[in-house]
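One structure below.
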């Protein structure tokens, strides 16, 4: 599943647990959030698919060249950090840099190889409870 959607649904579920005492109403709200999460995933997938189709239609090599260059740079930075270490004074900065680079690398991998979204998981929740709006 998309990490941000997982985090949102998990946090929202905890909030609902605290503020909605009626179990039936709480479950209904969680199911509606799951439907919204599924819709967000569908929008993200459609957006990525349109970018892939555009790239194939215009035969633009720029996205793949940038992805290759970024990936090479990403692993170069990781290699430097692994084999040469990081001075204590820059440790926090390097940790943030690697986090940002890793997040972008996940996006590149998702674009070329598909995401890891467990839409079937959300669909199962929605279908099980009979609230699918698709």
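Using beta carbons and a limit of 7 Å, which pairs, at least six apart or on different chains, have the first residue in the stretch 1-21 and under 16 Å from residue 43 (Cβ atoms) and the second one at pLDDT below 70?
The qualifying pairs are 1/117; 1/118; 1/121; 2/115; 2/117.
Name the residues in the stretch 85-96 that are part of a helix (DSSP H, G or I) and surrounded by fewer than 14 Cβ atoms within 10 Å (Cβ to Cβ), would you?
If the condition is that a residue be part of a helix (DSSP H, G or I) and surrounded by fewer than 14 Cβ atoms within 10 Å (Cβ to Cβ), then 88, 89, 90, 91, 92, 93, 95, 96 are the ones that fit.
In this structure, is residue 123 within 21 Å of the chain's Cα centre (by Cα), part of a helix (DSSP H, G or I), under 30 Å from residue 26 (Cβ atoms) and modelled with pLDDT under 90?
Yes.
Here is a yes/no grid of residues against (1) in a helix (DSSP H, G or I); (2) over 17 Å from the mean Cα position of the chain (by Cα); (3) without any contact (Cβ under 8 Å) to a residue 24 or more places away in the chain:
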| residue | (1), (2), (3) |
| --- | --- |
| 36 | yes, no, yes |
| 44 | yes, no, no |
| 51 | yes, no, no |
| 54 | yes, yes, yes |
| 66 | yes, yes, yes |
| 71 | yes, yes, no |
| 75 | yes, yes, yes |
| 79 | yes, yes, yes |
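The values are calculated or read from the model by the stated rules, or taken from the named source; none is laboratory data. The structure displayed is predicted, hence computed values, not measured ones. Cβ sites come from the backbone with ideal geometry, for glycine too, and all protein chains shown count toward neighbours.
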